[in-house]
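Chemist: Below are the structure tokens for one structure; questions will follow.
The values are calculated or read from the model by the stated rules, or taken from the named source; none is laboratory data. These figures come from a predicted structure and were not determined experimentally. In this analysis, Cβ positions are derived from the backbone assuming ideal geometry, glycine residues included, and neighbour counts consider all displayed protein chains. Each accessible area value is taken on the protein alone, full model and side chains, heavy atoms only, with ligands, DNA and RNA left out. Shrake-Rupley method; radii C 1.70, N 1.55, O 1.52, S 1.80 Å.
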Amino acid sequence: MKKKGVIRRIDHLGRVVIPKDFRYSNFINDGDPVEIFCNDDGEIVIRKYDPHHDLAAHIQYLADQVEIHKFDLEKNKKVLSLFQQLIEVLK
């Protein structure tokens, strides 16, 4: 069974209040950035923004590709290019 949430109305400016107990339990403080997106099921998701989330996904993808294909990194330009992009993000 799906968890039920709190019902809130959107005001005339398009705003919705996230209840204090939701913010507290997800460590969201006043002024913190939140990320709003639609998932594959068309649901709207609001979560605390984590700038390292995408970076972690890219690192995991690269690690998986190296492990799966046992790449020789000096010969594989695609993987090297991805690692170079990652280095640029980390600067």
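Chemist: How big is the dipole moment of the chain about its Cα centre under a simple scheme where the beta carbon of each Lys and Arg is +1, that of each Asp and Glu is -1, and everything else is neutral? Debye, nearest 20, please. Spell out each step's value before the answer.
Modeler: Numbers: 15 positive and 15 negative charges, 74 e Å.
Result for the chain is approximately 360 debye, rounded to the nearest 20.
Chemist: From the Cα gyration tensor of the stretch 6-46, with a ≥ b ≥ c the square roots of its eigenvalues, which class applies: rounded if a/c is under 1.5, or else prolate if a/b is larger than b/c, or else oblate?
Modeler: It comes out oblate by the Cα gyration axes.
Chemist: Could you give me the ³J(HN,Hα) list for the stretch 53-60, computed from phi with Karplus coefficients 6.51, -1.76, 1.60 and θ = phi - 60°, whole Hz, x at Gly and Pro?
Modeler: Ordered by residue, 3J(HN,Hα) equals 4, 5, 4, 4, 5, 5, 4, 5 Hz.
Chemist: Additional query: Nearest 10 degrees, 0 to 90: what angle lies between the long axis of helix 77-90 and the longest principal axis of the chain (Cα atoms)?
Modeler: 50 degrees
Chemist: Modelling each spin label as a point 7 Å along the Cα-to-Cβ direction, I'd like the Lys20/Glu35 distance in nm, to one decimal.
Modeler: Going by the 7 Å Cα→Cβ label model, 2.8 nm.
Chemist: Something else about it: Taking each pair of distinct Cα atoms in the chain once, what is the resulting Kirkwood hydrodynamic radius in Å? Don't skip to the answer; put the middle values down first.
Modeler: Details: mean 1/r = 0.0592 Å⁻¹.
Taking the inverse mean of 1/r over all distinct Cα pairs, the chain comes out at 16.9 Å.
Chemist: Run the accessible area of the chain with a 1.4 Å probe and give the carbon-and-sulfur part as a rounded percent. Mind dumping the intermediate values first?
Modeler: Working: 4870 of 8590 Å².
The nonpolar share, carbon plus sulfur, comes to 57 percent.
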